[in-house]
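Inspection log for the structure reproduced underneath, given as structure tokens.
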Amino acid sequence: MTESILAITGPTSGIGRATVKELVHDFDRILLLARNLKKAACLKKELLDVNPKVKIELIECDLSILTSVRQASHTITYKYNHIDCLINNAGIVKTSRRESMDGYELMMATNYIGPFLLTHELLPIIMNSERKQITVVSSGAYKFAPMKKPFFKPKHFNPISGYGRSKLGTLYLAQELYEFYSRKGLRVTAVHPGAVSTNIGKDNVSKQLADTIFNLLDPFFVSVEEGSQSVIKAVRQPEKYAGFYSDQGEIAAVKQYGSDFKMRREFIDATLKELDLQAL
């Protein structure tokens, strides 16, 4: 029997941590793609305490840095010929403007560009697995703002629209994957798990701005355990959720900007050009 392998980004805190702890018995091997290897090592010990039989590998990966994503992908594809399930979980919220090392707005870089590149690099070995599954953690925040040029290096920064567009991008990614690869057996789900409130408001901004952002995002806040359940359901029930948008565990229609096929096509094409790729 082929060894079952899960790869997950952002596993050391929040929803990612709760998700991987719940799935520790579901796979033979788990690849933890993390920025902080010290935290990942602590998580590895916890996971092995729960399931001593599972194999855990730590992969250093900062999704905001393209070279880090490429190195992590190379490490994985060199060692393994298949991955059964990829969970694109990692994400950030920033209340003040930051840029990645590659010059992109940081939320767009971390939440979308990095995961897009990682998915592209790992897709051949995902398609080489028996399970062929990708779960993309998006957000209901995709409704906050339409996609707008310049896509990756906006002239003006707004934390609400910036976060929303980065999550709209992840939704477009899931839709694109399903459209082009579902006929080859790939099962893709975009999940809105809710957002954990402690992930926001830590930047050095005025209390008034932080409170405004918090209030706008508050409807999306859930506990870590609640948020992880929607991801876990998608992973454990791929046939039920494949090709759908899951809103906290319930299949829901995609609304507003998420249904703009023309903009999705333009945005994905711009991403491919930016990353010098021919296809996803």
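Most tightly packed first, judged by the mean number of other beta-carbon atoms within 10 Å of their residues, the peptides 86-97, 151-162 read 86-97, 151-162. Between Glu60 and Met127, the distance separating the two model label sites (each 7 Å from Cα on the Cα→Cβ line) works out to 3.1 nm. In a fully extended conformation the segment linking Ala252 and Lys143 would gain 37.9 nm over its present Cα-Cα distance, using 0.36 nm per residue. Modelled this way, with points 7 Å down the Cα-to-C-beta line, the labels at Lys45 and Ala279 are 4.7 nm from one another.
So for the chain, Kirkwood radius off the Cα pairs, Stokes-Einstein at 4 °C and 1.567 mPa s: how many µm² s⁻¹? Translational diffusion coefficient: 70 µm²/s. Pairs with C-alpha atoms separated by more than 24 Å, drawn from the list Lys167/Lys255; Lys149/Lys233; Lys184/Lys233; Lys132/Lys153, are Lys149/Lys233; Lys132/Lys153. Under the simplified labelling scheme, the Thr2-Asn158 pair shows an inter-label distance of 4.6 nm, with each label point 7 Å from Cα along Cα→Cβ.
The calculated 222 nm mean residue ellipticity attributable to helices in the chain amounts to -13000 deg cm²/dmol, summing -39500 (n - 2.57) over DSSP H runs of n ≥ 4 and dividing by all residues. Ranking Asn128, Pro150, Ser246 by how far each Cα lies toward the positive end of the dipole of the stretch 5-274 (charges on Cβ) leaves Pro150 at the top.
Computed from backbone phi, the HN-Hα couplings of the stretch 229-241 come to 4, 5, 5, 4, 4, 5, 5, 7, 10, x, 5, 5, 9 Hz, rounded to whole numbers (Karplus: 6.51 cos²θ - 1.76 cosθ + 1.60, θ = phi - 60°; Gly and Pro given as x). Taking amide H atoms as placed 1.01 Å from N in the peptide plane, the amide H of Lys55 lies under 5 Å from those of Arg29, Ile30, each 5 or more residues away in sequence or on another chain. A simple packing score, the average count of other Cβ atoms within 10 Å per residue, orders the peptides 236-245, 108-117, 11-20, 56-65 as 108-117, 11-20, 56-65, 236-245, with the highest score first.
Each DSSP beta bridge with both residues in the chain is either parallel or antiparallel, and the antiparallel ones are about 15%. Taking amide H as placed 1.01 Å from N in the peptide plane, the amide H of Ile8 sits under 5 Å from that of Leu31, Leu33, Ile87, each at least 5 places away or on another chain.
Compared with the dominant principal axis of the Cα atoms in the chain, helix 159-181 is inclined by about 40°.
Each value in this text was obtained by applying a stated rule to the coordinates, not by laboratory testing. Model, not experiment: these values are computed from the prediction. Cβ: placed from backbone, ideal geometry, glycine included. Neighbour counts: every protein chain shown.
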